[in-house]
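The values are calculated or read from the model by the stated rules, or taken from the named source; none is laboratory data. All of these numbers come straight from a predicted model, not from anything done at the bench. Note that each Cβ is placed from the backbone with ideal geometry, even for glycine, and that neighbours are counted across all protein chains shown. Remember, those area values only see protein heavy atoms, side chains included, never the ligands or the DNA or RNA. Shrake-Rupley method; radii C 1.70, N 1.55, O 1.52, S 1.80 Å.
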Amino acid sequence: MPKTISRLKLELIVANERNLVDKAIELIHQGGETPMSLDLIELAGMGDTPPLDVIDALIEYLSRNSMTERFIAVLQRLGREISDDAAPPALDPIAAASFDPDRMQSFCHSASAYRCRILIGDEIRGSGVLVSHRLVLTAWHVVNEAQPWTASPQIAVIASDGKRYRARLAGPYSDCHPTEWTGAIADDADLAAHSDFVLLRLIEPIGYSLGHLALPTESYVWAGNTSCMLVHYPDGQNRGFTLGEVTYGGNKPRYEHTVPTAAGSSGGAAFSNGFQFIGLHQGRLGNQRRLVPASRYVNDNEFRACIGSDTKPTYLWSLNGSLDAHLIIGRQLFFSGLTALVEGNQSLFGIWIKRLDPQKDEAGLAFAYRMLENFLMLRSPSARAVRIDIPTDGEDLLELTFRLAGGDPSMLQARPGVRLDETTMSAYERDRADALVSNLDQRDAPLWLFLEGPNQEFSRRTQYQLEQLIARLERARNIKVVLSRLESYNLPVMTHQSLPDVDAGRAGLLLDYVGDFGREDVRITVTAIRDDLAPDLNDGVVELIVDQSLAGVPHEFGVYSSAKLGIVSTKLADLISPRVGAA
């Protein structure tokens with residue numbers, strides 16, 4: 001039964017945490033091309049007949065766009081429950097005493113968002129959990145009947161947003177022992193090579209908005225019995241989570257537990273009373289329920305690499321990880337620079353995006369800020385990006401930047417001796433820029449300033465302010481910058497034409513030129529899509545798709561105009577979509 005929104009709960013959140021609602025609206029669109037906000041929804045509601053208040057306008061917008069359950073799930077991930085029919089965990093009062101109540105609430109919100117149902121055809125066969133943006137961890141025996149299951153259109157996942165998503169084998173897996181199908185007892189030595197787990201890859205990166213379980217790097221160890229909780233869908237239903245006890249088995253391939261289960265519980269994730277991931281529920285042997293401990297696979301190199309490649313991308317081929325959004329072509333250096341910056345390359349403090357031809361090369365700039373936002377959400381979720389359009393109307397650039405970054409512009413007053421009537425304009429703005437950067441650099445979360453230049457000249461004072469701000473940011477610890485346009489300005493900063501070594505010396509800006517593109521740029525995008533959505537496609541098919549996407553597109557000696565990026569992007573999506581569906 002579809003979930004519905006409690007108007008009262010939503011009213012309270014909108015009244016007290018409007019920014020959180022905006023964040024949820026952003027996440028349900030998964031970084032799509034059309035920005036949306038609560039302000040825009042409220043404005044549209046005022047134009048309806050009769051006019052709608054902000055709550056009714058939001059509920060109507062979500063319903064019209066089939067986003068109600070996703071919105072509920074995203075807010076649940078963010079720690080807020082707005083569903084009319086929220087199912088609380090089934091907590092026995094005595095057993096629940098073993099769990100910290102404050103952490104329990106946070107855990108239940110997160111786990112409710114990343115918990116999944118696993119289907120073969122239209123039948124719910126088990127449970128699972130998102131462990132990255134696209135990957136779902138479940139038990140191998142849950143999906144084994146989908147043959148040929150390595151590329152089966154039969155496997156699907158129902159996420160906490162109520163939507164169904166196609167799934168396929170992601171890579172590493174381990175079957176269960178043949179005797180476990182019949183209920184016979186097998187020796188531990190025989191079970192050791194059969195860990196009954198599988199990673200499934202979704203076509204859409206729903207973990208981007210719903211969150212995911214962060215798998216441990218070390219196995220959880222305890223003595224004797226401990227309380228545990230199973231995150232599952234017994235009988236395929238949302239009955240909350242269930243408590244019991246689990247017996248530590250050391251290196252044994254199966255642990256015994258007492259959590260009540262049912263059909264549909266297989267593949268459910270078990271957690272200790274400290275909320276550490278223990279393993280996956282497998283089933284029963286006689287009257288004894290068993291789970292496969294996470295230690296059997298979480299430290300496997302292939303398993304970790306598969307998870308890591310999905311949680312730490314180095315290149316985005318789409319604005320939201322799907323073929324429905326704008327495809328990104330020819331921006332390898334931009335993403336290489338972002339990767340180096342989030343990984344701590346001290347030779348860079350930012351990126352400067354420049355057009356090869358400022359009169360025509362706009363295609364590469366249109367989505368630059370969205371690309372930055374989406375990359376940070378995947379690689380550095382705690383980071384905050386702030387867009388600043390450099391003013392041309394005389395507005396103070398430093399005050400604008402500080403205010404948009406959450407600071408109080410009154411704190412930017414120059415010190416005695418360097419006030420405007422006491423020194424030069426350059427010294428005055430240098431002191432104010434120092435105050436701005438010093439204040440913002442003390443924050444715990446990384447801050448990214450995206451400074452977009454106008455299509456016209458700005459004042460000399462604004463140029464002073466920009467120069468001093470960039471010079472100060474070079475030494476900042478926790479602030480990075482991305483400049484866009486500004487081709488006609490010379491800034492007092494070191495620049496790099498290619499990715500510098502980690503210890504190249506003075507920090508500088510990586511120059512990222514946008515403009516014309518070539519066949520190799522298209523091939524890189526197609527290869528990235530293949531790796532994410534259809535790894536069975538061989539290199540020959542990739543080359544064919546590249547050739548077909550460029551067929552008939554005018555070029556000069558293999559160089560294509562940036563004005564043709566939209567045409568090639570659309571052709572690529574049309575060519576790849578049917579192959580992904582068949583993969």
| message | Let me spell it out: the conditions are (1) at pLDDT below 90; (2) within 30 Å of Ser209 (Cα to Cα); (3) polar (S, T, N, Q); (4) more than 24 Å from the chain's Cα centre (by Cα), and Gln442 meets all of them except one. Which number is the exception? | response | (1)
| query | Within segment 391-428, can you find the residues that are aliphatic (A, V, I, L, M) and free of Cβ contacts under 8 Å to residues at least 60 places away in the same chain? | reply | Leu400, Leu404, Ala405, Met411, Leu412, Ala414, Val418, Leu420, Met425, Ala427
| request: Only one of these is in contact with a Ser or Thr (Cβ under 9 Å, 6 or more places away or on another chain), surrounded by fewer than 18 Cβ atoms within 10 Å (Cβ to Cβ) and of a type in the set (Gly, Ala, Ser): Ala471, Ala445, Ala427. Name it. | output: Ala445
| note | In the set Asp532, Asp547, the lone residue that is open to solvent by 30 Å² or more (accessible area, probe 1.4 Å), in contact with a Gly (Cβ under 8 Å, 6 or more places away or on another chain), assigned to a helix (DSSP H, G or I) and at negative phi is Asp532
| request: Specify the residue that is most open to solvent (accessible area, probe 1.4 Å); the eligible residues are those in segment 38-86 that are of a type in the set (Lys, Arg) and in a helix (DSSP H, G or I). | output: Arg64
| field | Yes/no for Ala15 being open to solvent by 70 Å² or more (accessible area, probe 1.4 Å) and at pLDDT below 85 | value | no
| field | Filtered residues of segment 376-397 (kept if over 26 Å from the mean Cα position of the chain (by Cα) and closer than 30 Å to Leu27 by Cα) | value | Ile390, Pro391, Leu397
| field | Matching residues, segment 403-424, being in contact with a strand residue (DSSP E or B) (Cβ under 9 Å, 6 or more places away or on another chain) and open to solvent by 20 Å² or more (accessible area, probe 1.4 Å) | value | Leu404, Gly406
| Near pairs, Cβ below 8 angstrom, 6+ apart or cross-chain, from segment 338-355 (assigned to a strand (DSSP E or B)) to any residue that is of a type in the set (S, T, N, Q) and open to solvent by 10 Å² or more (accessible area, probe 1.4 Å) | Trp352/Thr495
| said: Take the conditions polar (S, T, N, Q), over 30 Å from Lys252 (Cα atoms), in contact (Cβ under 8 Å) with a residue 24 or more places away in the chain and out of contact with any Leu (no Cβ under 6 Å at 6 or more places or on another chain) and apply them to Gln332. Does it pass? | reply: yes
| task | Report those strands (runs of 3 or more DSSP E) wholly inside segment 183-275 carrying at least 2 residues which are under 23 Å from Tyr114 (Cα atoms). | result | 197-202, 225-231, 242-247, 269-272
| query | Residues of segment 304-325 being closer than 22 Å to Leu483 by Cβ and either modelled with pLDDT of 90 or more or surrounded by fewer than 20 Cβ atoms within 10 Å (Cβ to Cβ) (or both), which ones? | reply | Thr314, Tyr315, Leu316
| query | Would you say Tyr513 is out of contact with any strand residue (DSSP E or B) (no Cβ under 6 Å at 6 or more places or on another chain), open to solvent by 10 Å² or more (accessible area, probe 1.4 Å) and not polar (S, T, N, Q)? | reply | no
| field | Matching entry among Ala90, Ala111, Ala97 (being modelled with pLDDT of 90 or more and of a type in the set (A, V, I, L, M, F, W, C)) | value | Ala111
| query | Does Leu466 fit the bill of being under 22 Å from Ala340 (Cβ atoms), touching a residue at least 60 places away in the same chain (Cβ under 8 Å) and of a type in the set (A, V, I, L, M, F, W, C)? | reply | no
| For Pro391, which of the numbered conditions (1) closer than 25 Å to Asn345 by Cα; (2) open to solvent by less than 50 Å² (accessible area, probe 1.4 Å); (3) outside any helix (DSSP H, G or I) fails to hold? | (1)
| query | Which condition number in (1) modelled with pLDDT of 90 or more; (2) under 17 Å from Ser266 (Cα atoms); (3) open to solvent by less than 20 Å² (accessible area, probe 1.4 Å) is the one that Leu135 fails? | reply | (2)
| Selected residue (only one of Met371, Met377 is open to solvent by less than 70 Å² (accessible area, probe 1.4 Å), without any contact (Cβ under 8 Å) to a residue 60 or more places away in the chain and hydrophobic (A, V, I, L, M, F, W, C)) | Met371
| field | Residue among Ser498, Ser549, Ser488 that is without any contact (Cβ under 8 Å) to a residue 40 or more places away in the chain and out of contact with any strand residue (DSSP E or B) (no Cβ under 7 Å at 6 or more places or on another chain) | value | Ser549
| task | Hey, could you check segment 446-464 for residues that are part of a helix (DSSP H, G or I) and in contact with a Gly (Cβ under 9 Å, 6 or more places away or on another chain) and say which is nearest to Gln359 (Cα to Cα)? | result | Thr462
| If you take the residues of segment 282-303 that are in a helix (DSSP H, G or I) and in contact (Cβ under 8 Å) with a residue 60 or more places away in the chain, which of them is nearest to the chain's Cα centre (by Cα)? | Phe303
| query | Looking at Ser488, Ser577, which is the one that is at pLDDT below 95, in a loop (DSSP other than H, G, I, E, B), of a type in the set (Ser, Thr, Tyr) and surrounded by fewer than 18 Cβ atoms within 10 Å (Cβ to Cβ)? | reply | Ser488
